[in-house]
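Coordinate-derived values only; no laboratory data. On a predicted model such as this, the values are computed, not experimentally measured, just so you know. For neighbour counting, all protein chains shown are included, and Cβ atoms are generated from backbone atoms with ideal geometry for every residue, glycine included.
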Amino acid sequence: MPNKAFLRTASLLCHPLSVAAMLLLLFNDHWLRWYAPSWWTGKLGDFAWLFFAPFAVAMILALLIPPSPRQEQIVQVLAFGLTGGIFALAKAVPLVHAWIIQIAETILGLPIGLRRDPTDLIALASLGAGWWLWEHHAILLRASAAPGLIALVLAATLTLANGPAPDYGITSVELSSDAAIARASYGAWRSTDGGLTWAETSAQGLSPLRDFGSSNIVTDTLNSNIQYRLKQKVSIERSDDGGKTWRVDYALPSLGEAARVSADRSYRNTYVFIQGPLDGIVEPRTGNAIFAMALEGVLVRRPSGEYAWVTVGPYHHFVFDNPIGLLSGEIALAVSFGLLVLATLATRSIKHWSKYLVLGIAWLVWLGDTVFFPPGRSSGVYGVGLAGLAAVAICGFVAILSAILILIVARRSLKYVRRALIVALSAVPLYFAPYYLWTLNLIPNYNAALVIAFALGAVMLMVGWWVTREITPVIKSEKAKTL
């Protein structure tokens with residue numbers, strides 16, 4: 001029995017309208033969005049993609065669903081339902097949006113630029129056009145599937161490449177006849193008071209966004225002797241003699257790895273966190289110097305020399321002020337480590353082979369989450385949540401295991417239990433300390449903090465082994481006692 005659904009979807013994916021939608025998506029994403037960004041370029045790609053995407057999904061489903069009299073109908077409903085449903089949830093529901101991004105980035109190993117914007121749901125109208133084409137498109141059973149497979153590869157490639165241009169925040173500032181204009185990839189804002197307040201404006205009629213970093217010298221339009229030199233991530237320097245001598249006018253705080261991880265989480269929906277300054281102007285009416293600071297909005301220098309961070313649209317100044325919040329998962333893992341030390345010391349007195357299996361599984365689970373899914377270094381709402389939940393779950397599992405083992409040992413020697421508890425309680429803050437020092441930028445990177453924490457943990461485990469060596473009670477299994 002011929003696979004009619006597969007042949008139909010292959011033919012639909014090669015239809016001139018589908019090919020035109022693919023070409024439109026290619027043109028929109030790789031030219032229009034860069035050189036003529038507007039509200040429409042954000043929607044046009046979604047309209048084009050939703051027209052041909054159901055055919056690509058249906059082609060795959062047709063290979064999985066066995067041929068039958070109702071195969072075409074089943075494939076059609078599933079393909080359009082899955083495409084429209086996932087698109088709608090990803091655009092409208094924050095949790096689903098974050099979940100889809102995290103899964104896609106994990107599988108592909110590439111950053112995914114999917115913006116959550118409920119207004120994009122108007123593009124679902126394209127599904128109606130695609131459904132109409134499906135219903136009215138005739139196919140020949142002798143048609144070749146080869147062109148359809150080629151079109152499927154092209155559709156998959158365009159889907160992966162279909163995404164908004166990276167949003168770096170405010171990358172340029174410029175002067176219009178009566179205002180200062182701040183520009184970002186997806187919007188423009190206007191200020192008439194020297195950059196202290198901003199109102200959204202249309203990007204229509206404005207010149208294309210220039211590459212940031214193309215010029216690092218800003219000259220005062222009223223006094224050419226006053227210049228500012230921009231050093232990205234470092235400082236803003238000022239010269240009062242036309243560039244002959246320079247002095248640091250504003251030093252930017254150095255962000256360590258921990259602060260950058262926190263910033264990535266804070267600005268997750270905007271994809272790329274970089275530090276300014278990227279561009280600057282001097283507004284002639286107020287004398288204020290305005291500097292584009294990427295996702296952190298703008299930095300305004302008043303003529304008095306005072307600097308002020310100013311929010312522009314969704315872009316605001318980042319302050320790393322919650323290191324403990326960043327390390328909530330590490331706190332759970334540190335408590336888990338202390339409990340594992342306690343459990344390990346408790347099993348020392350139990351003479352039964354099963355202790356090695358149970359304790360080995362507990363240590364492997366803890367090590368797996370600590371090394372491969374470190375909560376403090378994870379990014380993305382889904383990744384952070386998953387790593388944190390895993391750490392808490394491990395902590396609960398080890399707590400139950402430790403409680404059972406300690407109760408067994410406590411029946412023979414309370415003195416042994418007291419010493420083991422003291423060592424375990426001491427191990428928790430000692431293991432956690434390197435991670436906290438990492439957030440303070442006293443340890444340069446997370447991997448170094450991890451190695452130091454492991455080393456300190458190993459020392460505490462050896463200390464516990466040593467202080468309990470002379471008072472270890474021996475607990476044998478019932479089978480061993482009878483022998």
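Just a few scattered comments:
- Across the stretch 233-242, coupling constants 3J(HN,Hα) worked out from phi with the 6.51/-1.76/1.60 Karplus curve, θ = phi - 60°, read 6, 10, 6, 10, 9, 10, 10, 9, 10, x Hz, and Gly and Pro carry x.
- The magnitude of the dipole of the stretch 172-310, with charges of +1 and -1 set on the Cβ of Lys/Arg and Asp/Glu and taken from the Cα centre, is near 280 debye.
- In order along the stretch 293-306, the Karplus-derived 3J(HN,Hα) couplings, from 6.51 cos²θ - 1.76 cosθ + 1.60 at θ = phi - 60°, round to 10, 6, 5, 8, x, 10, 10, 10, 10, 7, x, 6, x, 7 Hz, and Gly and Pro are given as x.
- Inter-label distance, A20 to F373: 4.8 nm, where each label sits 7 Å from its Cα along the C-beta direction.
- Those residues of the stretch 290-307 whose amide nitrogen sits under 17 Å from the label point placed on V319, 7 Å along Cα→Cβ: 296-300, 307
- Computed lengthening from T245 to I217, 0.36 nm per intervening residue step minus Cα-Cα distance: 8.7 nm
- When each of D117, D167 is scored by the number of other beta-carbon atoms lying within 10 Å, the sequence from fewest to most is D117, D167.
- Order of W49, W438 under a 10 Å beta carbon neighbour criterion, fewest first: W49, W438
- Förster-model FRET efficiency, 60 Å R0, F454 and D178, C-beta, rounded to 0.05: 0.45
- Charge context of T245, other residues only, Cβ under 14 angstrom, K/R +1, D/E -1: 0
- Residues H317, H136, sorted so that the one with the fewest Cβ neighbours within 10 Å comes first: H136, H317
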